[in-house]
Amino acid sequence: MNKALNIIASIQGRANFKLTQEQIFMLSVILVNGGNYLYNLILGRMLGPERFADAAILITFLLVLSFVAMTFQLAVAKYTVLFEGRSLLYFKQRMMKFAILTGFVIGLTVVIFSSSLQKLLNTSSQLMFVIFGCAIPFYFAMSVNRGFFQGSKALKALSWTYKGEMLSRLFLTLALILLFPFHSIHMVSLGIAVSFIVALFPFNYKDFKKRIVFKLTRGQKRSISRFVMITAFYELTQIIINNSDIILVKHYFDSYEAGLYASLAMIGRVLYFLTWMFVMLLLPTVVERKKEGKPTHEILTKYASYIFGIAALTVIGCLLFPNLIINLLFGEQYLSMSHMLWQYALATALFALSNLFAYYYLSLERYFPVVLSAVFGILQVLLVVIWHSSLIEIVQMQIWAMAMLLFTQLGFFIWDYYTSRKSDYPNQQAIHRQ
C-alpha cells in the first residue's frame, strides 16, 4: 500500500508544473476570443440576418472604440516600462483624467448624433446609440487600467479584465434578450455598456486617491505627446482597415445582404483577434529590450512565425470546409456566403501580419510603417468605393490592399535589418581587434 502511495506521489510530483504568466495570458486570450465568438454566433442565430445587421453595427462600433482606446492602453503600457516611482504614479493619474475626458467627449458626440447615425446606417433604433454612448467613458478608464497591467507584465490581472468583459457581455445580453425579445437590439446595447463597467476590475484605487505633485521633464512630455499622437493616428488607420468594409456594405447593400456579410466578417476576424495576443506581448518586451540595449529583431520574427502558422491553418481550413464552418457556426440561412470565407480569412491574415510589423516599429518610435498602414488603409476604402458591384468584389479589394501593405512592410523590415547589421559591423570589428 505504501509503495503504491509513493508511486502516485512521485507521478503527481513529476506532473506538477506551473504555468507562466505569459502562458496563462495566452490561454485567457483564447478563452476570451472563444467567448466573444460564441456571443456573435448566438446573436446571429437568435436575431436572424436582418436584425443581426443592426447588432453587427454595435459590434463594429465596439471594435472602433477599442482601437481608439488602444492609444491610451499602449501609451500607458510603454511608459509603465520606462517610468517608476512618483513619475509613474503621476503619469497614470494624468492619463486616467485625459482618457475619461476623451471618453466623455466621444460618448456625448455619439448621443447627440444618434438620430443621424440611425439614418446613415439604416438601423431600426436610435436608442441603441444613446445607451452605447453613455458607457464610453468607462471603456477609456478601463484602457488605462489595462495599459498599466500590460506594461508591468501583470498578465493575470490583465487577463481577468478581458474575461470579465467577455463573460458579463455574453451572459447578460443573452439573459436580457430572452426576457425582452421585442427590444433585442436595445438589450444588446445595454449588455455591451454593462460589460465596460465590469471590465474596470481589478482596479487599484490607491494609485488615484492621492494627488501626486510631480513634473515630467520637457523631453519626457515631448516623447509622450509624440507617441500618443502617432499611436492615435495608427489606430485610426486600424479603424479604417478593420471596420470600413462592414460600414460600407451596410451603406451600399440592403439589410439582409449586410447581415450575411456581417456573419462572414465575424468568422474571418477570429484570426485577427486570436493573433492580437502576440501584439500585446510584443510591445512591452521590445520596449524593455531596447531600454537594456539588446537587439529586438528576433522578437518580431518569433511572433511573426506564430501568426503565420495560425493564419495558414485558418485559411486552409476555411478553404477546405467552408460549408461545414458556416453551417455549424451561423446556420443554413448564411450558407450563401461560404464560397467567400477563405478569401475573407486571407485578407484578415495579411492584415494581422502587417499589423505586427507596424506595432513593432511603433514601440521603437519609428513611424514610417505607420504611414504605410494609413496609405493602404485609405487605398482599401477607395477600392471598395469604386468596386462594390458584389460582396465578393469587396472582399477581393481588401485582399489586394492588404497584400500590398504586407509586401511593403516586409520590404522595409528586410532593408532595416540589413542596414542595422552593416552599421553595427565596424563596431563589432573594433571590439574583435581589442
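For region 18-45, the candidate set comprises residues that are among the aliphatic types (A, V, I, L, M), at pLDDT 80 or above and surrounded by fewer than 19 Cβ atoms within 10 Å (Cβ to Cβ); within that set, the residue that is nearest to S184 (Cα to Cα) is I42. Does V144 satisfy the condition of being touching a Phe, Trp or Tyr at 6+ places or on another chain (Cβ under 8 Å), at pLDDT 90 or above and closer than 24 Å to Q21 by Cβ? Yes: the conditions hold for V144.
Residues in region 229-242: is at least one more than 30 Å from P49 (Cα to Cα), over 18 Å from the mean Cα position of the chain (by Cα), at pLDDT 75 or above and not assigned by TED's automatic domain parsing to the domain that holds L346? Yes; the residues of region 229-242 include at least one that is more than 30 Å from P49 (Cα to Cα), over 18 Å from the mean Cα position of the chain (by Cα), at pLDDT 75 or above and not assigned by TED's automatic domain parsing to the domain that holds L346.
When the residues of region 361-402 are narrowed to those that are in contact with a Lys or Arg (Cβ under 8 Å, 6 or more places away or on another chain) and not in a helix (DSSP H, G or I), which ends up farthest from T296 (Cα to Cα)? Please lay out each step first, then the result.
Of the residues in region 361-402, the ones in contact with a Lys or Arg (Cβ under 8 Å, 6 or more places away or on another chain) are 363-365.
Pick out the ones that are also not in a helix (DSSP H, G or I) and you get 364-365.
Numbers: L364: 9, E365: 13 Å.
Among those residues, the one meeting the criterion is E365.
The sole residue among N327, N355, N323 that is exposed (fewer than 14 other Cβ atoms within 10 Å of the Cβ), at negative phi and in a helix (DSSP H, G or I) is N323.
Residues in region 111-126 that are touching a residue at least 40 places away in the same chain (Cβ under 8 Å) and out of contact with any Asp or Glu (no Cβ under 6 Å at 6 or more places or on another chain): L120, L121, N122, S125. Under the condition of being in a loop (DSSP other than H, G, I, E, B) and of a type in the set (V, I, T), the residues counted in region 113-159 number 1. In the set T80, T102, T60, only one residue is out of contact with any Asp or Glu (no Cβ under 9 Å at 6 or more places or on another chain), assigned to a helix (DSSP H, G or I) and over 26 Å from L216 (Cα atoms); that residue is T60. When residues in region 182-217 are screened for being more than 20 Å from G103 (Cα to Cα) and hydroxyl-bearing (S, T, Y), 2 of them pass. Elements of the type helices (runs of 4 or more DSSP H) sitting completely within region 187-283 and holding at least 1 residues that are within 23 Å of L341 (Cβ to Cβ) and touching a Ser or Thr at 6+ places or on another chain (Cβ under 8 Å): these cover 218-252, 255-268.
Restricting attention to region 236-259, does a residue exist that is exposed (fewer than 15 other Cβ atoms within 10 Å of the Cβ) and of a type in the set (D, E)? Looking through region 236-259, at least one residue is exposed (fewer than 15 other Cβ atoms within 10 Å of the Cβ) and of a type in the set (D, E).
The conditions are (1) in contact (Cβ under 8 Å) with a residue 40 or more places away in the chain; (2) more than 26 Å from M229 (Cα to Cα); (3) not hydroxyl-bearing (S, T, Y), and I299 fails exactly one of them. Which is it? For I299, the exception is condition (2). Looking at K291, K302, which one is in the same structural domain as L328 (by TED's automatic domain parsing), over 26 Å from Q93 (Cα atoms) and either at pLDDT below 80 or among the charged types (D, E, K, R) (or both)? So the residue among K291, K302 that is in the same structural domain as L328 (by TED's automatic domain parsing), over 26 Å from Q93 (Cα atoms) and either at pLDDT below 80 or among the charged types (D, E, K, R) (or both) is K302.
Looking at I197, I185, just one residue is surrounded by fewer than 19 Cβ atoms within 10 Å (Cβ to Cβ) and touching a residue at least 12 places away in the same chain (Cβ under 8 Å), and that residue is I197. Taken as a whole, region 266-280 holds at least one residue that is over 22 Å from I59 (Cβ atoms), within 19 Å of the chain's Cα centre (by Cα) and in contact (Cβ under 8 Å) with a residue 12 or more places away in the chain.
Tell me the residue from P202, P137 that is under 28 Å from R94 (Cβ atoms), in the same structural domain as V64 (by TED's automatic domain parsing) and surrounded by 16 or more Cβ atoms within 10 Å (Cβ to Cβ), please.
Exactly one residue qualifies, and that residue is P137.
The values are calculated or read from the model by the stated rules, or taken from the named source; none is laboratory data. Worth saying up front: this structure is predicted, and the values here are computed from it rather than measured. Positions of Cβ are generated from backbone atoms using ideal geometry, with glycine treated the same way; all protein chains shown enter the neighbour counts.
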